[in-house]
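For reference, the structure discussed in these notes is given below.
The values are calculated or read from the model by the stated rules, or taken from the named source; none is laboratory data. Everything numeric in this text was worked out from a predicted model, so none of it was measured. When we count neighbours, we look across all protein chains shown, and the Cβ atoms used for this are built from the backbone with ideal geometry, even at glycine. Quick note on the areas: whole protein, heavy atoms, side chains included, nothing else; ligands and nucleic acids left out. Shrake-Rupley method; radii C 1.70, N 1.55, O 1.52, S 1.80 Å.
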Amino acid sequence: MSIITATNVTGGNNQFGNGSVQVNSGIQVPMNIKFKRLHPDAVTPKQGSEWAAGFDITAISRKWLPDEACYEYGTGLAIEVPKGFAALLFPRSSIFRVPLQLSNSVGVIDADYRGEIKAKFRRTDGCEPLYQPGDRIGQLVIIPVPSVRYVEVEHLSETKRGANGYGSTGR
């Protein structure tokens, strides 16, 4: 069961846009994520442990895409993420066992996407093993997405760090 914790969220048109999360400070409320099997072999996303942030997803197909030089894994699943949230697709920590890298580092599944969840992996060397259909290939994490507006200004506030980037805060 997916559990989210929200603080100071109210009903009606809240910060998530549709009132789907109605809790008081510190109360955990289960969030239902609707999913549809697009293939009979599709596997329900599952938490690896009680407090795991991500829900493992399982490959049901693997296809080599020569024009993109990557493997595409299908899950046979589509999900309905509530408005005001997104699903992030991360590689599982066990990816170190296979010579693969998720091609876009983190996949973003927007609340309005209803297609199959797929993951594209690039090979990091020519060795086996690869993920096979039936293997857990990634994990979905549901996060809140606040309503944001970008406002152009002449000046930004000063900070100690300023414009220093790329390692400027130390090792």
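R0 = 35 Å: FRET efficiency of LEU65 with TYR150, Cβ-based, nearest 0.05? About 0.50, to the nearest 0.05. Shape analysis of region 77-171 places it in the oblate category; the axes a ≥ b ≥ c from the Cα gyration tensor give an a/c of at least 1.5, with a/b not above b/c.
Using the Karplus relation 6.51 cos²θ - 1.76 cosθ + 1.60 with θ = phi - 60°, the per-residue 3J(HN,Hα) values for region 141-149 come to 10, 8, 10, x, 10, x, 6, 10, 10 Hz, with x marking Gly and Pro. Taking 19 Å as the limit for the C-alpha separation, the pairs LYS34/LYS83; LYS63/LYS118; LYS83/LYS118; LYS36/LYS63; LYS36/LYS118; LYS34/LYS120 exceed it in the case of LYS83/LYS118; LYS36/LYS63; LYS34/LYS120. Amide H contacts under 5 Å for ILE33: none, restricted to partners 5 or more places along the chain or on a different chain, H placed in the peptide plane at 1.01 Å from N. The accessible-area ordering, largest first, of the residues GLU154, GLU128, GLU68, GLU116 stands as GLU154, GLU128, GLU68, GLU116, per a 1.4 angstrom probe. Near the amide H of ALA86, within less than 5 Å, lie the amide hydrogens of ILE143, VAL145, all on another chain or at least 5 residues away, with H placed in the peptide plane. Amide H to amide H distances under 5 Å link THR58 with VAL43, ILE137, where only residues 5 or more positions off or on other chains count and H is placed in the peptide plane.
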